[in-house]
Amino acid sequence: MIELWNSYWPMILVAVAIGIVVGFFIFRPKQRVTLSRDDTPVRPHMQAPAAAPPVAASPTHDPVPLRKAPAPDDNDGGGEGEDVGDEMAAAASDVVGEIIGTDVHSNLPGSHGVPDNLQRMKGVGPKLAAMLAGLGYTRFEQIAALSGDDVERIDAQLGAFRGRLQRDRIVEQASYLARGDEVGYERVFGKL
């Protein structure tokens with residue numbers, strides 16, 4: 001037995017180390033996450049901070065109500081990614097759209113429903129809003145979901161408005177408005 005140990009001690013130590021690492025990953029405490037369609041976050045770090053006292057309305061500042069999120073069973077396209085099929089379609093459209101040179105995002109959920117007023121964003125006037133609508137982008141959700149490559153592709157089609165999406169941080173503005181976070185929007189970009 002001593003001879004066996006003297007011959008193979010490095011391999012035995014490596015095997016024990018691998019066993020310890022594998023045992024750690026198998027028996028470690030796992031975080032329990034329950035996905036829900038509620039507006040309430042499930043993980044502790046996602047909890048909303050303590051409620052701030054309500055803002056008193058003054059003659060110069062009227063509180064703006066937040067836009068209500070669509071219901072989970074909203075079938076008119078309340079948002080992209082409501083189920084696995086939507087996520088797979090979005091992933092496929094990103095890859096296939098570039099290969100065949102077409103925009104397939106307008107056929108996904110999120111492009112349907114009541115169009116948002118894109119002119120609420122700073123730097124978006126009637127002409128730019130019409131151009132974005134002509135490209136199929138009529139909702140804040142769609143614009144907020146744009147990747148850097150998407151922004152460059154759209155930017156190349158905007159003619160005189162080239163560079164406006166990045167310069168005016170349109171995607172970032174749309175992400176605030178898509179979430180209904182008008183207070184956060186006004187903190188970063190100023191009054192709506």
How much FRET efficiency would the formula 1/(1 + (r/R0)^6) give for Ala130 and Asp155, where r is the Cβ-Cβ distance and R0 is 22 Å, rounded to 0.05?
0.85
Order of Asp149, Asp181 - criterion: other Cβ atoms within 10 Å of each residue's Cβ, fewest first
Asp149, Asp181
Two-decimal Rg to Rh for region 108-173 - Kirkwood Rh, Cα set:
0.91
Net charge of neighbours whose Cβ lies under 11 Å from the Cβ of Leu192, counting Lys and Arg as +1 and Asp and Glu as -1:
+1
Fewest Cβ neighbours within 10 Å first, please rank Leu135, Leu4, Leu118 accordingly.
Leu4, Leu135, Leu118
Arrange the following residues from fewest to most other Cβ atoms within 10 Å of their Cβ: Tyr8, Tyr185, Tyr137.
Tyr8, Tyr185, Tyr137
R0 = 30 Å: FRET efficiency of Arg167 with Ile100, Cβ-based, nearest 0.05?
0.50
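Bear in mind that the values in this text are calculations on the coordinates, not laboratory data. Everything numeric here is computed off the predicted structure, so don't read it as measured data. As a convention, Cβ positions derive from the backbone with ideal geometry for all residues, glycine included, and neighbour counts pool all protein chains shown.
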